[in-house]
Structure formats: structure tokens, C-alpha cells
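Enquirer: Take this structure first; my questions come after.
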Amino acid sequence: QVQLVESGGGLVQPGGSLRLSCAASGRFSSINRMGWYRQAPGKQRELVAHIIRSGSTNYADSVKGRFTISRDNAKNTVYLQMNSLKPEDTAVYYCNALVIMWDYWGQGTQVTVSS
């Protein structure tokens, strides 16, 4: 089992920044891929970004150039630095971890971008 605990969400004005963190714990040797998804009201959950163990990354087109994903393998932690936030970034952000062939999810953290 893998437990994921997110932190760092909140309310921010348009153009502002937030940093999300997600720490993984449990019984596993390594995590293949970690990432962030988001779900806005009335919409499907969508990929924001993910990063594999080697450091290779993938971003949704809507966040490229504004968001940066990184991970600390020693701490089993993934981060999402979000800059130049827009109202359309408002959503619940979920941490995801792929361990061998199983997906694990965090409980979600709310990000609200509003003036």
C-alpha cells in the first residue's frame, strides 16, 4: 500500500503562485512515476504533469511554461510549482503515484484562483 499526502493548496489571486507538495509513504521499493491531476467542477479529471524516476517530465499544454514539476526520490516527494495562475486553474489537485502497475491517489487539495 502507498499513502499520498498533499499540501500547499489555497486561495491565490490571478497571476500569483502556489507550490504543491505530495509525500508518499508505505511499503514500496521505488515509485515509477509521480504526477498531478486536477478536476474542476463539472469536468473530468485531467493530467497536469507527471515525472518519471529519471526526471523526464510531461505537461498538459494548458500549463506549459507556467507550472514546473519536480521530485525528490530520496524523500519520495513530488512538487508542483505553479506560477502565473489563472482562474481556469481553479480545481481540486490530486497527487498520483504509479508503483509497478498500480495507481495510487491522494485525497486532493483545493486550488482557487480568484480576485
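The values are calculated or read from the model by the stated rules, or taken from the named source; none is laboratory data. Bear in mind the structure is a predicted one, so any value in this text is a computation, not a measurement. Just so you know, the surface numbers come from the protein's heavy atoms only, side chains and all, with ligands and any DNA or RNA stripped out. Shrake-Rupley method; radii C 1.70, N 1.55, O 1.52, S 1.80 Å.
Enquirer: Pull up all non-local amide H partners of F67: gap of 5 or more, or a different chain, and H-to-H distance under 5 Å with H placed in the peptide plane.
Expert: N83
Enquirer: Same structure, new question: Given axes a ≥ b ≥ c from the Cα gyration tensor, I'd like to know whether region 72-115 is rounded (a/c under 1.5), prolate (a/b larger than b/c) or oblate.
Expert: Numbers: a/c = 3.30, a/b = 1.93, b/c = 1.71.
Prolate, because a/c is 1.5 or more and a/b exceeds b/c.
Enquirer: Using the scaling law 2.2 N^0.38 Å as the reference, what is the normalised Cα Rg of region 24-115? If you can, show how the numbers build up before the last one.
Expert: On the way: Rg = 13.3 Å, N = 92, 2.2 N^0.38 = 12.3 Å.
Ratio of Cα Rg to 2.2 N^0.38 Å: 1.08.
Enquirer: Another one. Mind running the shape call on region 18-63? Use the C-alpha gyration tensor, a ≥ b ≥ c as the square roots of the eigenvalues: rounded below 1.5 for a/c, prolate if a/b tops b/c, oblate otherwise.
Expert: Working: a/c = 2.23, a/b = 1.58, b/c = 1.41.
Prolate, because a/c is 1.5 or more and a/b exceeds b/c.
Enquirer: How about K43: which lysines have a C-alpha closer than 22 Å to its C-alpha, ignoring those fewer than 8 places off in the same chain?
Expert: Counting by Cα, and skipping residues close in sequence, K43 has these lysines nearby: K64, K86.
Enquirer: Can I ask one more? Provide the solvent-accessible area of E46, counting protein heavy atoms only and rolling a 1.4 Å probe, rounded to the nearest 10 Å².
Expert: 80
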